[in-house]
Amino acid sequence: MMMVLFLFVFRLVTVDGDSMRTTLTDGDKLIISNLFYTPETGDIIVIKPENHDDADEPIIKRVIATEGQKVFIDYDNWAVYVDGIKLDEPYIVDMMTYEKERFGEDKAMNGTNVPKYKNEFTVGKDKVFVMGDNRNNSKDSRSADYGEMGVNRILGKVIFRLMPNFGGVD
């Protein structure tokens, strides 16, 4: 029975990298599932982007917006608006504070030379817009290389963490 569940319903994945810190850390073991899954804002998903440096390696990101939603990213103030409403993102506060303390109050979200996708747009049909929680150490939909990603590329939603601390993931 367990074998059937893990073949068709659940998958075990391991976090590789710090793009979701402090929510997830490198080496965390997670259970994901895509059974009857429809993406929603705030979900943490595993996805295989079309334009990835290593096409066989999926990435773990948070869904920021889904099909038809309007997104505006205010890089200077570390704010993301979906359909005109600023997202409540308590999961980025620690990283935002760290970046501003380390580099100064004027440190922008993803203030790098990475070519940006767009800062204002409507998410296309059958697409999602995703970002890492560690905003200045995450290659995600903000990058012109990735942009919006196809829903058909989602491997599953994170259901819970197995190790090192068993439990839910927000």
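The values are calculated or read from the model by the stated rules, or taken from the named source; none is laboratory data. Here the structure is a predicted model, which means the values were calculated and not measured. Cβ placement follows ideal geometry from the backbone for every residue including glycine, while neighbour counts extend to all protein chains displayed. These accessible areas exclude ligands, DNA and RNA; they are computed on the full protein's heavy atoms, side chains included. Shrake-Rupley method; radii C 1.70, N 1.55, O 1.52, S 1.80 Å.
Tabulated data
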| item | result |
| --- | --- |
| Wholly enclosed strands (runs of 3 or more DSSP E) of the stretch 1-115 bearing at least 2 residues at pLDDT below 90, of a type outside the set (F, W, Y) and open to solvent by 90 Å² or more (accessible area, probe 1.4 Å) | 10-14 |
| Per-region count, the stretch 122-147, residues assigned to a strand (DSSP E or B) and within 21 Å of T38 (Cβ to Cβ) | 6 |
| Pair list, Cβ < 6 Å and 6+ apart or interchain, from the stretch 140-158 residues that are in contact (Cβ under 8 Å) with a residue 40 or more places away in the chain and under 19 Å from F10 (Cβ atoms) to residues that are open to solvent by 10 Å² or more (accessible area, probe 1.4 Å) and among the aromatic types (F, W, Y) | K157/Y37 |
| Any hit, the stretch 99-109, residues being charged (D, E, K, R) and on the phi > 0 side of the Ramachandran plot | no |
| Candidate set: the stretch 160-170, residues that are open to solvent by less than 70 Å² (accessible area, probe 1.4 Å) and assigned to a strand (DSSP E or B); chosen: the one modelled with the lowest pLDDT | G167 |
| Within the stretch 120-146, considering residues that are closer than 15 Å to R62 by Cβ, of a type in the set (A, V, I, L, M, F, W, C) and over 9 Å from the mean Cα position of the chain (by Cα), the one surrounded by the most Cβ atoms within 10 Å (Cβ to Cβ) | V128 |
